[in-house]
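A short write-up of the structure that comes next.
The values are calculated or read from the model by the stated rules, or taken from the named source; none is laboratory data. Here the structure is a predicted model, which means the values were calculated and not measured. Protein only, heavy atoms only, side chains kept; ligands, DNA and RNA dropped before computing areas. Shrake-Rupley method; radii C 1.70, N 1.55, O 1.52, S 1.80 Å.
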Amino acid sequence: MISTSTRPNAFGSNKTRTWRRRLSAVGAGLAVVGFSAALLAPTGTALADPSAAEAAVTAFSLAAQDTQDITVSVQGAPIEQVERGSFEVYIKPKPKPTPKPATASASAPRPKYTGGGSKEEWMSAAGIAQGDWAYVDYIVSRESGWNPNATNSSSGACGLVQALPCSKVPGNGYNPVDNLRWGSGYATGRYGGWAGAYAFWTRNHWW
């Protein structure tokens, strides 16, 4: 004989499984509805709240508000003048050049010599050694005749040794001592001394 006491339990188990399936289906449906609501929520909010559609404030939008606004009608109406900000530019004036002090012209006439003295005194004062006096006497006698104020009318050479140009002589080219002192430097620098200057002059008749 087989007992039938398990049948109610079997029936109860089937009933429980049925309710579980129904609850799972309902839960799944609610989950789908919740997910759909989450997707549609921003759109629905945006549609419900027009202010949410306004553009965000950005650096570009702020700059666009400051740009020039020109409106032209379809009929070609004149453009209204736009008021603009003004500014001033200060330009520093260029300073005037400082005037240079006036200098004596190199071609300015030099005072002629009016003092006295002998050629020996002049050569001694110029620092010329007595051993060179004969060479100096030979050259100066032919260049100027020992005339301190001798001047070459064509070249402008001046003084005892006919310095050229006369402005090269420190001091005054017509002063015999200044002229001979410059002549000593010229003879030494170009000919090695008065003896060399004498030898050159005798061959070329100038120095």
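Taking 0.36 nm per residue of separation and subtracting the Cα-Cα distance, what length does fully extending Ala199 through Thr58 add?
Working: separation 141, 0.36 × 141 = 50.76 nm, distance 9.89 nm.
Computed gain between Ala199 and Thr58 is 40.9 nm.
Working out 0.36 nm times the residue gap between Arg142 and Leu164, then minus their Cα-Cα distance, what length gain in nm do you get to one decimal?
Working it through step by step, the gained length comes to 6.4 nm.
A simple rule links phi to the HN-Hα coupling: the Karplus curve 6.51 cos²θ - 1.76 cosθ + 1.60 with θ = phi - 60°, which for segment 123-139 gives 5, 5, 5, 7, x, 8, 5, 4, x, 9, 4, 5, 5, 5, 4, 5, 5 Hz, with x for Gly and Pro.
Here the accessible area of segment 125-201 is 49 percent carbon and sulfur, with a 1.4 angstrom probe and all protein chains present. Listed by chain and number, the lysines whose alpha-carbon sits under 23 Å from that of Lys119, ignoring those within fewer than 8 places in the same chain, are Lys168. Over segment 111-205, accessible surface divided per residue gives 49 Å², non-protein components excluded, 1.4 Å probe.
For segment 164-173, putting each phi into the Karplus relation 6.51 cos²θ - 1.76 cosθ + 1.60 with θ = phi - 60° gives couplings of 9, x, 5, 5, 5, 6, x, x, 9, x Hz, in residue order, rounded to whole numbers and with x for Gly and Pro.
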